[in-house]
1. Within the set of other residues whose C-beta is less than 9 Å from the C-beta of residue 148, count the net charge using Lys and Arg as +1 and Asp and Glu as -1.
2. Tabulate in residue order the Karplus-calculated ³J(HN,Hα) for region 70-79, using 6.51 cos²θ - 1.76 cosθ + 1.60 with θ = phi - 60°, rounded to whole Hz; enter x for Gly and Pro.
3. Among 68, 78, 57, flag the residue with its Cα farthest along the positive direction of the charge dipole of region 46-90, charges on Cβ as +1 for Lys/Arg and -1 for Asp/Glu.
4. Evaluate E = 1/(1 + (r/R0)^6) for residue 161 and residue 70, where r is the Cβ-Cβ distance and R0 equals 22 Å; express this FRET efficiency to the nearest 0.05.
5. What are the residues whose amide H is under 5 Å from the amide H of residue 74, where those residues sit 5 or more places off or on another chain and H is modelled from the backbone?
6. How large is ³J(HN,Hα) for each residue in region 155-167, as worked out from phi by the Karplus curve 6.51 cos²θ - 1.76 cosθ + 1.60 (θ = phi - 60°), to whole Hz, x for Gly and Pro?
7. Amide H to amide H under 5 Å from residue 146: which residues, 5+ apart in sequence or cross-chain, H placed 1.01 Å off N in plane?
8. Counting only protein heavy atoms, what percent of the accessible surface of region 1-99 is carbon or sulfur at a 1.4 Å probe?
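The values are calculated or read from the model by the stated rules, or taken from the named source; none is laboratory data. Just so you know, these numbers come straight off a predicted model, no measurement behind them. Here the Cβ positions follow ideal geometry from the backbone for every residue, glycine too, while neighbour counts run over all protein chains shown. Remember, those area values only see protein heavy atoms, side chains included, never the ligands or the DNA or RNA. Shrake-Rupley method; radii C 1.70, N 1.55, O 1.52, S 1.80 Å.
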Amino acid sequence: MPYGKSNFKVIRVTPTLSTDAYADNDVLFDTIEIPNAVIGNGGCSKLISVSIVSQNTTLVDMDIVFMQESTNLGTINAAVDIADSDLEAAKMLGYVSLDGSNSGISLVNSVLFTTAAGAEGTTQLDRSFPILLQAEDDSTSVYFSAILRDQTPTYAADDLDFMFHIEYR
């Protein structure tokens, strides 16, 4: 077993956000690494859930996009703008849609939201799980970015913390 007594791990990542107001369809942050997303170079793991903590007490609708290569989806805080050739080079692995209107629990000055595999008709749970995360042959990392949907929030640079719940195989 890779990490002690368990084949599971939670990996925490905090992207750097723009502090200017966002618009619908904006890239939320540059593509960022999920380190050790797989065991061993070129490995594969299973993403079974994503949790997000928003320190500004709101959580918005967003699509979280997973890829093998670090390829930006466009400019931060601007509409998604990626060429087909760059999209192909990114080696997309999948995506998860987050419905912020079903935000989880309020934690005084923040909100915690978790999305995971669920049954049909459960709006907070995302049926796109699990997602297989496949690293490049010389890496144990995969990458992610997010696209804002239907809101115009303003964030501090470190307002969102992502937690990836991964099962190693």
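1. Values: positive: 149; negative: 24, 26, 61, 63, 150.
With Lys, Arg at +1 and Asp, Glu at -1, the neighbours total -4.
2. Per residue, the Karplus-derived 3J(HN,Hα) values read 6, 10, 6, 8, x, 8, 4, 6, 9, 4 Hz.
3. 57
4. Numbers: r = 20 Å, r/R0 = 0.90.
That gives a FRET efficiency of 0.65.
5. 81
6. Karplus values, whole Hz, x for Gly and Pro: 10, 7, 4, 10, 6, 10, 10, 9, 10, 9, 9, 10, 10.
7. 28, 29, 65
8. Working: 2230 of 4680 Å².
Summing carbon and sulfur atoms, their accessible area is 48 percent of the total for region 1-99.
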